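Since the structure comes first, as structure tokens, the remarks are kept for the end.
The values are calculated or read from the model by the stated rules, or taken from the named source; none is laboratory data. On a predicted model such as this, the values are computed, not experimentally measured, just so you know. Positions of Cβ are generated from backbone atoms using ideal geometry, with glycine treated the same way; all protein chains shown enter the neighbour counts.
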């Protein structure tokens, strides 16, 4: 009797110990399984090893892999298991709808896509389907709302840009996009405006620049200066002017044919003088009785560009007056026409104080005036370009 009681007392702690260690082991297994499933989001090899009981994130990874291999039926089944375990997130419904579309079951995919679109804006596949569907059904306002949401997320994919162009080139889509802007927009604005100025029509560019310029600050006008430079060379002159004037008003350019030198301390607009950034050339602005003067030094052994700028001269004959500038300076005029470059006849001028040149009627939409100097120092007086006519000379600046 005594031995029986003693055995029971000894069995109690042993049983509890076994249960405690078993519970700890079970919890450890669960923890390892859950952690492995989380890691499966980033590692396909781990996803393939996660036991079925613990699969959640792993199912998403495996389903995406199946779609990439064009195994649509397998991917659909994996996505369905994921929806059964995580039915709420829009991403899981989107993944399942992708599989349904892949196997041709459009009728079943449509409600899944609609539900996913209602639950979240972050799934790019769903948003792409909604945008395309909206445009196909004549609802650009809905498309532009989704487009705006994706730009705010930082998406800059080619397909989004194509759908953005299609959405915003309609009056309804452009008006809706504008009306959905908030008071303070985020970091996506500069990149979007740069793309828009290069890709959209002038009416759309004007609306977007005016709407977004006051909703983001500060713009990096040094970066935008380089962008507008490339736009002018590509023939997008009006877009460049609107873009620069809208976001860099403090550095507004002079008129296109006014040749006064601007300060090298500030970013250059589409029709301002531009100065080299290399260490071998330095420039500074001074004043004289005849107007502003550009002092320069070229420490390189070879000729270097001291300054350059764009002009919008109409087809005609002109005279360039260098106004007693350094005689060793070369003055080069080049035609630009929507990205194509051609040299004007007698485009390099050195010793002459005044040189006549002609702007042709074709292939010379924009001109570039470039000043090139040999090694040393010198002064460049503000040049003047005059238009010659039969009766009189018309000074442009």
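Considering 295, 220, the condition of being surrounded by fewer than 18 Cβ atoms within 10 Å (Cβ to Cβ), in contact with a strand residue (DSSP E or B) (Cβ under 6 Å, 6 or more places away or on another chain) and modelled with pLDDT of 90 or more is satisfied by 295 alone. Residue 247 satisfies every condition listed in (1) modelled with pLDDT of 95 or more; (2) within 16 Å of the chain's Cα centre (by Cα) except (1). Looking across the range 207-228, just one residue is free of Cβ contacts under 8 Å to residues at least 12 places away in the same chain and in a helix (DSSP H, G or I), and that is 226. Scanning the range 148-179 for residues that are assigned to a loop (DSSP other than H, G, I, E, B) and at pLDDT 95 or above yields 169, 170.
Within the range 295-330, being more than 26 Å from residue 359 (Cα to Cα) and not in a loop (DSSP other than H, G, I, E, B) holds for 295, 296, 297, 298. When 152, 180, 233 are checked against the criterion of being surrounded by fewer than 22 Cβ atoms within 10 Å (Cβ to Cβ), touching a residue at least 24 places away in the same chain (Cβ under 8 Å) and under 17 Å from the mean Cα position of the chain (by Cα), a single residue qualifies: 152.
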